[in-house]
Amino acid sequence: MMRPLVLISVLALTGLAACGEKPQTGGGVKSDVAPFQGADSKYMNSGWKAGDKTSWEQGLKARAQNTQNEYSKMAAPTAPAAPK
Amino acid sequence: MARMKFVCDAERCIECNGCVTACKNEHEVPWGVNRRRVVTLNDGVPGEKSISVACMHCSDAPCMAVCPVNCFYRTDEGVVLHDKDICIGCGYCSYACPFGAPQFPASGTFGVRGKMDKCTFCAGGPEANGSQAEFEKYGRNRLAEGKLPSCAEMCSTKALLAGDGDVVADIFRNRVVQRGKGAEVWGWGTAYGSKQAGQAPAGAKS
């Protein structure tokens with residue numbers, strides 16, 4: 001009498017255990033290496049040191065000004081010379 | 001801390017599609033996928049403007065919010081990237097993005113819609129910087145080479161500006177002051193907040 005009851009209980013517990021939700025932590029993105037660490041590339045821009053964040057940022061700022069801001073390349077307007 | 005942003009100057013864009021070509025060439029983007037494209041505003045109406053559009057790497061990116069598998073991440077530089085190993089190609093990001101940035105290859109692992117592809121701000125992906133694996137999935141990692149995105153550097157009229165937000169905003173602001181018009185930056189408020197480039201910060205005396 002008790003044996004089928006135990007068997008049913010064990011089966012029910014096993015079945016219900018499958019309904020439990022698995023923890024969904026993790027599964028995120030693989031870690032990415034910061035760009036200032038440099039790259040394995042033969043086309044590296046000179047003027048900054050890989051691993052040095054400050055020099056990387058300064059290099060990018062200088063590059064942005066040099067390549068995108070033509071006003072910085074223009075000579076400051078000067079007043080016309082007075083006739084002698 | 002650099003916070004990378006795009007600005008497209010509609011007064012300067014001549015719709016040459018140089019940015020589109022530069023992007024496709026730099027990253028060897030497959031046929032049918034356009035990470036960047038040029039859009040004409042008020043087409044046919046006198047005074048129509050063109051702008052170059054791609055992922056703007058939003059401050060509060062809606063694609064990140066809706067992704068069911070959490071494949072997006074933001075770098076310290078504010079660049080929104082994603083992991084193609086996690087992406088399931090559901091397309092939710094495509095519906096959420098106000099710029100239409102997410103692209104899907106015509107053939108892929110998941111039926112007709114493969115894993116999402118979008119502008120990386122030339123910053124690659126989670127793989128090792130400059131590695132072949134990174135290139136094949138995401139294209140070149142120019143930021144790790146100390147360079148700015150190819151689209152902006154190739155722009156013939158310098159309509160498209162990319163780089164540290166403070167720097168590109170200063171460049172744009174100076175232009176607006178010099179020419180006396182064209183302070184509107186399409187998409188800037190949507191991507192980075194209500195403050196527009198070229199405008200004085202709130203509370204500043206004019």
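Against the condition on the phi < 0 side of the Ramachandran plot and outside any loop (DSSP other than H, G, I, E, B), how does B:CYS93 come out, does it pass?
Numbers: on the phi < 0 side of the Ramachandran plot: yes; outside any loop (DSSP other than H, G, I, E, B): yes.
Yes, satisfied.
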Inset, instruction - Output the residues belonging to the stretch B:54-84 that are facing chain A (nearest Cβ under 10 Å) and part of a loop (DSSP other than H, G, I, E, B). - result: B:VAL69, B:ASN70, B:CYS71, B:THR75, B:ASP76, B:GLU77, B:VAL79, B:ASP83
Inset, instruction - Answer yes if at least one residue in the stretch A:69-80 is modelled with pLDDT under 90, of a type in the set (Lys, Arg) and either loosely packed, with under 11 Cβ neighbours inside 10 Å or within 30 Å of B:HIS82 (Cβ to Cβ) (or both), and no otherwise. - result: yes
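I need the full set of residues from the stretch A:41-56 which are surrounded by 15 or more Cβ atoms within 10 Å (Cβ to Cβ) and within 17 Å of B:ASN141 (Cβ to Cβ), in order please. Let's see the steps before the verdict.
Keep residues of the stretch A:41-56 that are surrounded by 15 or more Cβ atoms within 10 Å (Cβ to Cβ), which gives A:41, A:44-45, A:48, A:50, A:53, A:55-56.
Matches in the stretch A:41-56: A:SER41, A:MET44, A:ASN45, A:TRP48, A:ALA50, A:LYS53, A:TRP56.
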Legend entry - Subset tally (residues that are more than 14 Å from the chain's Cα centre (by Cα) and among the polar types (S, T, N, Q)) for the stretch B:161-191: 2
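Hey, does the stretch B:119-132 have a residue that's more than 14 Å from chain A (Cβ to nearest Cβ), under 22 Å from B:ALA61 (Cα atoms) and crowded, with 16+ Cβ neighbours inside 10 Å? Can you show your working first?
Taking the stretch B:119-132 as the starting set, the residues that turn out to be more than 14 Å from chain A (Cβ to nearest Cβ) are B:119.
With the extra rule that they be under 22 Å from B:ALA61 (Cα atoms), the set shrinks to B:119.
Subsequent filtering for residues that are crowded, with 16+ Cβ neighbours inside 10 Å retains B:119.
Yes, the stretch B:119-132 contains at least one residue that is more than 14 Å from chain A (Cβ to nearest Cβ), under 22 Å from B:ALA61 (Cα atoms) and crowded, with 16+ Cβ neighbours inside 10 Å.
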Legend entry - Odd one out for B:SER50 among (1) in a loop (DSSP other than H, G, I, E, B); (2) under 17 Å from B:PHE6 (Cα atoms): (1)
Inset, instruction - Sort out which residues of the stretch B:133-148 are under 22 Å from A:GLN65 (Cα atoms) and in a helix (DSSP H, G or I), and write them in order of number. - result: B:LEU143, B:ALA144, B:GLU145
Legend entry - Matching residues, the stretch B:149-174, being at the interface with chain A (Cβ under 9 Å from one of its Cβ atoms), in a loop (DSSP other than H, G, I, E, B) and either at pLDDT below 95 or buried (at least 24 other Cβ atoms within 10 Å of the Cβ) (or both): B:CYS155
Legend entry - Which listed residue is surrounded by fewer than 21 Cβ atoms within 10 Å (Cβ to Cβ) and closer than 28 Å to B:VAL167 by Cα, from B:GLY32, B:GLY91, B:GLY100, B:GLY44: B:GLY100
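The values are calculated or read from the model by the stated rules, or taken from the named source; none is laboratory data. Computed from a prediction, not measured in an experiment: that's the story for all the values here. Reconstructed Cβ throughout: ideal geometry from the backbone, glycine too, with neighbour counts over all protein chains shown.
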